[in-house]
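Below: one structure, written as C-alpha cells.
The values are calculated or read from the model by the stated rules, or taken from the named source; none is laboratory data. Since the model is a prediction, treat every value here as computed from it, not as a measurement. Note that we place each Cβ from the backbone using ideal geometry, even for glycine, and neighbour counts take in every protein chain shown. Accessible surface areas use protein heavy atoms only, side chains included; no ligands, DNA or RNA. Shrake-Rupley method; radii C 1.70, N 1.55, O 1.52, S 1.80 Å.
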Amino acid sequence: MSRILVGVSGSIAAWKACDLVSKLVQSGHTVDVVMTREAQWFVRPLAFSAVTHRRVFTDETWGSDGAPADHLIATSEADLMIVAPCTANMIGKFAHGLADEILSTSYLGCQAPVLLAPAMNWRMWAHPRVKANVKVLRGEGVQIVGPEDGWLAEHEEGPGRMTEAAGILEAALRMLEGG
C-alpha cells in the first residue's frame, strides 16, 4: 500500500482528521502525521500516534533525537500528502512558499501529489485573497476537496465546512490510482 503524509492545521475540524487517519490506516496505508501548534489546541498528537502507531511530527519534536529533518524524510517517502483541515493561513503559506513551521516546511519539501481539505468560516473562504491563493495552488497541480456547505463553528451556515473523512478518503484513493 501507499505512504501518506497527513498535515493537520489549526481548526476545530482537526478532530475529523483523526477519523481520516484511522480510515487510511484501516485501508492498509502507512500514515505519518505532521501537526501545527494551532492544531494541537484541538487534538493532541497522542491521538494520531495511537491510531498510526507512529511518531507524530510537531514543531516541538523538530530536531529532537538528533534528527532535525525527520519530517522531510517522511515527505520524501510519501506517495501523497493530504492537509486536513487546511486553514486559510496554510493555503496562503503554501501559495506563497512560506515555511515558518513544520507543516509549511513539509509542504515545500514534498514531491508527492497534494490534496487539501479546506476548513474555515464562509466569509474567509469567499475572500478574494483566499480565492486567489487557491487558484495559484490549483495551477500548480494541488487538488482540493471541499469545502462543503453546512453548520460552522461560529454558529453560521455556509461553505467552509471540511469535507467528511469518507469524502477525503475517496479523493485520496482516486489520486493514488492516478485519477
From 154, 170, 177, 164, grab the single residue that is open to solvent by 60 Å² or more (accessible area, probe 1.4 Å) and farther than 28 Å from residue 25 by Cα.
-> 154
Looking only at region 141-179, which residues are among the charged types (D, E, K, R), touching a Phe, Trp or Tyr at 6+ places or on another chain (Cβ under 9 Å) and more than 18 Å from residue 89 (Cβ to Cβ)?
-> 149, 156, 157
Look at region 33-52 and say how many of its residues are part of a strand (DSSP E or B) and either more than 13 Å from residue 82 (Cα to Cα) or open to solvent by 10 Å² or more (accessible area, probe 1.4 Å) (or both).
-> 0
Examine region 53-69 for a residue that is open to solvent by less than 70 Å² (accessible area, probe 1.4 Å), hydroxyl-bearing (Ser, Thr, Tyr), over 17 Å from residue 162 (Cβ atoms) and over 15 Å from the mean Cα position of the chain (by Cα), and state whether such a residue exists.
-> yes
When residue 113 is run through (1) over 21 Å from residue 34 (Cα atoms); (2) crowded, with 17+ Cβ neighbours inside 10 Å, the failure sits at (1)
Positions within region 1-15 being open to solvent by 10 Å² or more (accessible area, probe 1.4 Å) and either closer than 19 Å to residue 110 by Cα or not in a loop (DSSP other than H, G, I, E, B) (or both), in sequence order = 1, 2, 3, 15
Identify all residues within region 96-110 that are open to solvent by 10 Å² or more (accessible area, probe 1.4 Å) and closer than 18 Å to residue 34 by Cβ; write none if there are none.
-> 97, 98, 99, 100, 101, 105, 107, 108, 109, 110
Filter region 16-32 for residues that are assigned to a loop (DSSP other than H, G, I, E, B) and either under 13 Å from residue 55 (Cα atoms) or open to solvent by 20 Å² or more (accessible area, probe 1.4 Å) (or both) and give the result.
-> 27, 28
Just checking, which of 98, 72 is more than 20 Å from residue 146 (Cβ to Cβ), at pLDDT 90 or above and among the aliphatic types (A, V, I, L, M)?
-> 98
Residue check, residue 121 at pLDDT below 95 and open to solvent by less than 80 Å² (accessible area, probe 1.4 Å) = yes
